[in-house]
Amino acid sequence: MTPDNLTRSFDCVIVGAGHGGSQTAAALRQSGFTGSIALIGAEPEIPYDRPSLSKDYLAGKKTFDRMHLRPQDFWGAREVELLLGRHVSAVDPTARTVMTDRGEYFSYGQMVWAAGGDPRKLSCPGSDMAGIFYIRSKADCDALINVLPDAQRIVIIGGGYVGLEAAAVFREIGKDVTLVESLDRVLARVAGEPISRFYENEHRARGVDIRLNSNVASLEGVNGRVSNVILASGGRIAADIVVVGIGIIPSVGPLIAAGAEGANGIDVDPFCRTSLPDIYCIGDCARLKNGAGIRIESVQNATDQATTAAKAICGELRAYDAMPWFWSNQYDLKMQTVGLNFGFDSVVTRGDPVSRSFSVIYLKNGAVLALDCINSPRDYVQGRKLVDSAARIDPAALANTSRQLKEIDLVTS
């Protein structure tokens, strides 16, 4: 049933104005979609490059206007209605409507859910004090930037990419940085041990105090503002501010409540279709049911799935089959990843990490799954073909840097 107070109707409503949502709108027009399009975003800003927040924007090396994914007039020229500063709080798949936190109702013919994720919050005692920051939105980052001049001692909780990138920025501007990681190495959930140890060494060499195997028990403060991080071991770390980077929680509550299948993300088929009619899901909050059955949090995944969904809406069914890639910038180190190392059973280190230019190649049953390339763009480019073909190559040959990857012969037996 359509609500009496229906605000407006659109042929396609896109929920989420990040990389995935904005690319969906652009790809719909490129694919010939002539219907009306609404792009609903939780933040007030036009779509921007989110990964830059923890890198160049935090470091003050890039202004926000240079982070816009497309010029302001792009959206009007393509008749994409930007409805920003709104959260979608409910979905009714029967009435084909979404409701926002402003009490608006928008009906849709097709919907693409690209809401991404919310930062996972600390839940320990003291986690509600002032002086605790997350890096997910421009507002998050601006709040952090505003306090940096008066903060010398910074504790980072979480040794993933966001935490390490922030640590690099803070050290480059002369802050005292302690990084607390609950596992026995940084990047443990996403990279092999050689990569973890390399980055630990690099950060320690630049003065970052890395505490591994350390769980946070509580936060202490003075007058409601954080002043110490208390570890489960009993250790106490003084902090002017705390920055938390412990992952995201997929923003899927309204879709799950509406009956979409999923748990840690929304389950989608190869065309990014959910279990609900005419509702697609893409990006960080989408879980591919086939294959590894995981969510992929990357710009590449969001934009490529957006194209898949847009084409499907336009009647062109092309199963999502893109090569995953990712990057991270820390200090003068550029890491480029291609493929997914999920399930790897061995690694080959190609080159000497001491040289600060090397690659780690992930194998499963002898086939190349993925590469992490540190300051090694040639390996990254040539390695893509090995991942794409699941090449089987003698590990000794992979490690031999006297030959380029493209010159190495495949295993024939």
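Would you work out which of LEU84, ILE135, PRO324 lies farthest towards the positive end of the dipole of the chain, given +1 charges on the beta-carbon of Lys and Arg and -1 on that of Asp and Glu, about the Cα centre?
PRO324
Using a Förster radius of 30 Å, what is the FRET efficiency between ARG236 and ASP142 based on their Cβ-Cβ separation? Nearest 0.05, please.
0.50
Would you mind working out the magnitude of the charge dipole of segment 121-244 relative to its Cα centre, with +1 at each Lys and Arg C-beta and -1 at each Asp and Glu C-beta, to the nearest 20 Debye?
Using only the charged Cβ atoms, the result is roughly 100 debye.
Per residue of the chain, what 222 nm ellipticity follows from adding -39500 (n - 2.57) for every DSSP H run with n ≥ 4, rounded to the nearest 500?
Helices in the chain give a 222 nm mean residue ellipticity of -6500 deg cm²/dmol.
With mean projected area of the Cα convex hull in nm² in mind, check [x] 26.8; [y] 21.9; [z] 19.7 and report the label derived from this structure.
Among [x] 26.8; [y] 21.9; [z] 19.7, the one derived from this structure is [y].
Let me check the size of segment 238-322 from its C-alpha atoms; what are the radius of gyration and Dmax in Å?
14.9, 58
Normalised by the number of residues in segment 121-244, what is the relative contact order in percent for Cα pairs under 8 Å and 6+ residues apart?
Relative contact order of segment 121-244: 34 percent.
Could you give the Stokes-Einstein D for segment 104-145 in µm² per second, using the C-alpha Kirkwood radius, 4 °C, 1.567 mPa s?
In µm²/s, the coefficient is 96.
Under a 1.4 Å probe, what is the accessible area of segment 332-407 per residue, stated in Å²?
Heavy-atom SASA per residue in segment 332-407 reads 47 Å².
Quick one: Karplus J couplings for segment 18-27, per residue in order, coefficients 6.51, -1.76, 1.60, θ = phi - 60°, nearest Hz, x for Gly and Pro?
Calculated HN-Hα couplings, in order: x, 4, x, x, 5, 5, 4, 4, 5, 5 Hz.
Give, in nm to one decimal, the length gained when the segment between GLN72 and SER127 is fully stretched (0.36 nm per residue of separation minus the Cα-Cα distance).
Length gained between GLN72 and SER127: 16.0 nm.
Taking amide H positions as placed in the peptide plane 1.01 Å from N, state which residues far from PHE133 in sequence (5 or more) or on other chains have amide H under 5 Å from it.
Hits under the 5 Å cutoff: VAL242, VAL243, VAL244.
Lys and Arg at +1, Asp and Glu at -1: add these up for the other residues within a Cβ distance under 15 Å of SER346 and post the number.
-1
Evaluate the charge dipole of segment 332-407 about its Cα centre and quote only its size in Debye, nearest 20, assuming +1 on the Cβ of each Lys and Arg and -1 on the Cβ of each Asp and Glu.
Around 180 debye, computed over segment 332-407.
Could you state the number of Å between the C-alpha centres of segment 341-374 and segment 122-169?
Taking the Cα centre of segment 341-374 as reference, the centre of segment 122-169 is 31 Å away.
Can you list the residues of segment 156-198 with backbone N under 14 Å from a point 7 Å past the Cα of SER346, pointing along Cα to Cβ?
Output list for this probe position: empty.
Just for segment 121-244, what percent of DSSP beta bridges are antiparallel, to the closest 5?
Within segment 121-244, antiparallel bridges account for around 35 percent of the total.
Taking H placed 1.01 Å from N in the peptide plane, check which residues at least 5 places from GLY262 or on another chain put their amide H under 5 Å from its amide H.
Result for GLY262 returns ASP267.
Can you give me the three principal axis dimensions of segment 37-148 from its C-alpha atoms, in Å, biggest first?
The Cα atoms of segment 37-148 stretch 46, 39, 19 Å along their principal axes.
Can you give me the long-range amide H partners of ALA90? Hydrogens built in the peptide plane at 1.01 Å from N, cutoff under 5 Å, separation of 5 or more residues or another chain.
Amide H neighbours of ALA90: MET99.
For segment 294-308, just list the computed ³J(HN,Hα) in residue order, Karplus coefficients 6.51, -1.76 and 1.60, θ = phi - 60°, integers in Hz, with x standing in for Gly and Pro.
With the stated coefficients, segment 294-308 comes to 10, 8, 10, 9, 7, 4, 4, 5, 4, 6, 6, 5, 4, 5, 4 Hz.
Using θ = phi - 60° and the Karplus form 6.51 cos²θ - 1.76 cosθ + 1.60, what ³J(HN,Hα) does each residue of segment 372-385 get, whole Hz, x for Gly and Pro?
Each residue of segment 372-385 in turn: 10, 10, 9, 6, 9, x, 5, 4, 4, 5, 6, x, 4, 5 Hz.
With all protein chains present, how much of the accessible area of segment 332-407 (probe radius 1.4 Å) comes from carbon and sulfur, to the nearest whole percent?
Carbon and sulfur together cover 53 percent of it.
For the charge dipole of the chain, defined by +1 on Lys and Arg C-beta atoms and -1 on Asp and Glu C-beta atoms about the Cα centroid, which residue among GLY351, GLY383, THR97 has the Cα displaced farthest towards the positive pole?
After comparing all options, I get GLY351.
Please check: in the Gaussian network model of the chain (C-alpha springs, under 10 Å), which one of PRO324, PRO377, PRO125 has the largest mean-square fluctuation.
In the Gaussian network model the winner is PRO125.
Might you report the magnitude of the Cβ-based charge dipole of the chain about its Cα centre, with Lys and Arg at +1 and Asp and Glu at -1, to the nearest 20 debye?
That gives the chain a dipole magnitude of about 640 debye.
As a quick test, which of the pairs LYS289/LYS385; LYS62/LYS334; LYS55/LYS138; LYS61/LYS121; LYS289/LYS334; LYS55/LYS334 have an alpha carbon distance above 21 angstrom in this structure?
LYS289/LYS385; LYS61/LYS121; LYS289/LYS334
Given ALA232, ALA114, LEU288, which one lies farthest toward the positive end of the charge dipole of the chain, if we put +1 on the Cβ of every Lys and Arg and -1 on the Cβ of every Asp and Glu?
ALA232
Please compute the alpha carbon radius of gyration of segment 80-126, then divide it by the globular-protein estimate 2.2 N^0.38 Å. Two decimals is fine.
1.51
Under the Kirkwood approximation applied to all pairs of distinct alpha-carbon atoms, what is the hydrodynamic radius of segment 121-244 in Å?
Averaging 1/r across every pair of different Cα atoms and inverting gives 14.5 Å.
For segment 332-407, I need the span (max minus min coordinate) of the C-alpha atoms along each principal axis, in Å, sorted largest to smallest.
Here the Cα extents, ordered largest to smallest, are 33, 24, 19 Å.
The values are calculated or read from the model by the stated rules, or taken from the named source; none is laboratory data. Since the model is a prediction, treat every value here as computed from it, not as a measurement. Cβ: placed from backbone, ideal geometry, glycine included. Neighbour counts: every protein chain shown. Surface areas here come from the heavy atoms of the whole protein model, side chains and all, with no ligands, DNA or RNA. Shrake-Rupley method; radii C 1.70, N 1.55, O 1.52, S 1.80 Å.
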